[in-house]
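Enquirer: There's a structure below that I have some questions on.
No lab work stands behind these numbers, since they all come straight from the coordinates. Keep in mind that this is a model prediction, so the values were computed, not measured. Please note: Cβ atoms are built from the backbone with ideal geometry, for glycine as well, and neighbour counts cover all protein chains shown.
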Amino acid sequence: MSSSFKTFLKHTAKDFHNQSVNPPVVRASTIIFKSLQDIRKTQAKAKKNPIGGHYDYGRQGTSTTYILQKILTKLEESYHVFTTPTGFGSVFLSIISVVRPGDEIIISDPVYSPTRVLTEKFLKEFNISTVFYNPHDLNSISQNITKKTKLIYVENPGSNTFEFQDLRKIISIAKKNRILTAIDNTWATPYYFKPIKFGFDMSIVSATKYYSGHSDVMGGSLAVNKKVFNKVKIAEKMIGLRLGPDDAYLITRGLRTLDVRLDRHSENTKKVAEFLSKFKKIKLLYPYKKNSFNYKMWKKYYSGASGLMGLIIKSKNKNSVRKFVNSLKLFGHGYSWGGFESLALHQETVETGKRKYGNLGKDEHLVRLHIGLEDSSDLISDIKQALKHLK
Ligand SMILES: Cc1ncc(COP(=O)(O)O)c(C=O)c1O
């Protein structure tokens with residue numbers, strides 16, 4: 001009997017040996033073998049099957065990390081998924097696996113700000129250069145391709161400003177020019193969009209967000225196809241960028257309810273978006289307005305939308321925007337998102353990074369809301385009272 005992924009998420013990784021619903025947390029540095037010959041046998045098996053499941057030392061992971069990797073590989077429909085101690089670790093691993101000194105990267109302009117600093121500043125010191133493309137003018141990818149271009153790196157939608165791009169075009173430009181591709185898919189997760197199946201070579205998700213879902217763990221995943229598997233495997237081994245078993249356990253636990261939580265985030269966010277769409281001072285950065293380009297691009301490629309949205313608020317009074325955010329009672333003020341709770345932030349250059357395209361106009365302010373799993377009518381009432389401060 002083949003079961004749906006939702007059923008698989010609930011039933012997989014039971015511990016039949018100990019008869020517990022959940023798998024044990026196996027913590028290990030030293031792994032003990034019955035004999036010296038057994039060590040060699042395990043090493044031979046690991047060589048024959050590099051996907052995993054055979055360990056001779058804790059840095060390679062344990063059965064707890066392997067279970068998580070297996071679940072994620074099925075969710076991603078990928079060749080393999082590497083797991084890292086943070087989402088940013090997966091961003092770094094994806095890039096460092098495939099670029100070398102002298103190479104160039106083409107990257108979407110509204111990218112997660114630390115990814116921008118990593119490529120533009122840190123990797124520059126290693127003679128790796130970066131150009132940023134306009135997410136709504138993909139000619140700016142083609143125009144910047146040179147013989148040295150090794151990677152097109154996409155984040156979809158754009159960080160904080162939520163631009164949706166024509167992903168099919170990006171893949172076709174990359175394939176035509178034999179350039180590898182990576183996408184940061186944290187906003188949608190493979191529950192709503194499966195990048196590897198679609199044609200990307202690598203796909204990053206910060207497991208800190210929806211995978212864990214409870215704001216109490218950091219982690220990252222990097223899904224890959226067969227083509228890049230060896231390159232990533234070597235880099236991962238050399239850097240030692242691997243998730244610990246306790247965090248792997250928590251992320252596996254979170255994944256049991258990924259579908260249920262994302263469905264509810266999505267439902268709540270749609271209701272909040274509907275409410276906010278009535279305010280003239282507010283432009284919604286969420287796939288909501290049916291005739292917009294962003295909506296069309298979202299609809300074309302995604303089966304759902306998560307709980308993170310942006311608002312561009314038009315106001316001559318910046319303090320009143322801050323007061324609106326500060327007056328929200330059910331929304332915490334802090335970084336990250338993807339947990340069960342609602343969050344609100346006023347976004348400035350420190351959050352967005354210095355961008356080339358699509359910057360805010362005069363008297364425009366950016367606010368980010370993460371819509372949690374609370375009762376949507378409570379959230380809407382809270383936003384309603386806080387909006388009274390907006391001038
Ligand atoms: C889109 C995106 N990618 C990657 C990351 C990095 O993930 P982590 O915080 O788990 O390192 C974040 C974190 O906010 C993010 O928003």
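Enquirer: To the nearest Å, what is the center-to-center distance of the range 272-296 and the range 73-146, using C-alpha atoms only?
Expert: So the separation of the two Cα centres works out to 29 Å.
Enquirer: Suppose we keep just the alpha-carbon trace of the chain; what are its Rg and Dmax in angstrom?
Expert: Over the chain's Cα set, Rg and Dmax evaluate to 21.8, 75 Å.
Enquirer: Along the Cα→Cβ direction, 7 angstrom out, place labels at LYS47 and LYS231. What is the inter-label distance in nm?
Expert: 2.6
Enquirer: If you don't mind, another one. Starting from the Cα of LYS48, draw a straight line to each of the lysines and keep only those under 22 Å, dropping any in the same chain fewer than 8 residues away.
Expert: Those lysines meeting the cut-off are LYS34, LYS70, LYS74, LYS226, LYS227, LYS231, LYS233, LYS237.
Enquirer: Rounded to whole Å and ordered largest first, report the semi-axes of the equivalent ellipsoid of the range 1-140 derived from its Cα gyration tensor (root of 5λ).
Expert: Ellipsoid semi-axes (Å, largest first): 37, 22, 13.
Enquirer: Within the range 262-296, which residues have the backbone N less than 19 Å from the label spot 7 Å out from ASP363 along Cα→beta-carbon, could you tell me?
Expert: Label zone hits: 279-284.
Enquirer: Follow-up question, since we're still on this one. Over all distinct Cα pairs, what is the inverse of the mean 1/r for the range 77-234, reported as the Kirkwood hydrodynamic radius in Å?
Expert: Details: mean 1/r = 0.0649 Å⁻¹.
Evaluated on the range 77-234, it is 15.4 Å.
Enquirer: Just want the ordering: TYR66, TYR357, from fewest to most Cβ atoms lying within 10 Å of their own Cβ.
Expert: Ordered by Cβ neighbours within 10 Å, fewest first: TYR357, TYR66.
Enquirer: Further question on the same structure: Per-residue HN-Hα couplings for the range 79-95, Karplus 6.51 cos²θ - 1.76 cosθ + 1.60 at θ = phi - 60°, whole Hz, x for Gly and Pro?
Expert: 6, 7, 10, 8, 10, 10, x, 9, x, 5, x, 6, 4, 4, 4, 4, 6
Enquirer: Give me GLU125, GLU267, GLU341 sorted ascending by neighbouring Cβ count inside 10 Å, so fewest comes first.
Expert: The most exposed by this proxy come first: GLU125, GLU267, GLU341.
Enquirer: For the range 155-201 and the range 4-33, compute the distance between their C-alpha centroids and round to whole Å.
Expert: 32
Enquirer: Average the reciprocal distances over every distinct pair of alpha-carbons in the range 229-286, invert the result, and give the Kirkwood radius in Å.
Expert: Evaluated on the range 229-286, it is 15.3 Å.
Enquirer: Would you mind checking the tilt of helix 226-239 against the longest principal axis of the Cα atoms of the chain, expressed as 0 to 90 degrees and rounded to 10?
Expert: 80
Enquirer: SER336 versus ARG100, label points 7 Å from Cα toward the beta carbon: distance in nm?
Expert: About 3.7 nm separates the two model spin labels.
Enquirer: Please arrange SER306, SER377, SER129, SER94 by counting, for each residue, the other beta carbons lying within 10 Å of its beta carbon, fewest first. The partial results should precede the final answer.
Expert: On the way: SER306 25, SER377 11, SER129 17, SER94 31.
Ascending number of Cβ neighbours within 10 Å: SER377, SER129, SER306, SER94.
Enquirer: Something else about it: May I have the pair-distance distribution P(r) for the range 258-387, computed from all Cα-Cα distances with 10 Å bins from 0 and rounded to whole percent?
Expert: It works out to 12, 44, 37, 8, 0, in whole percents.
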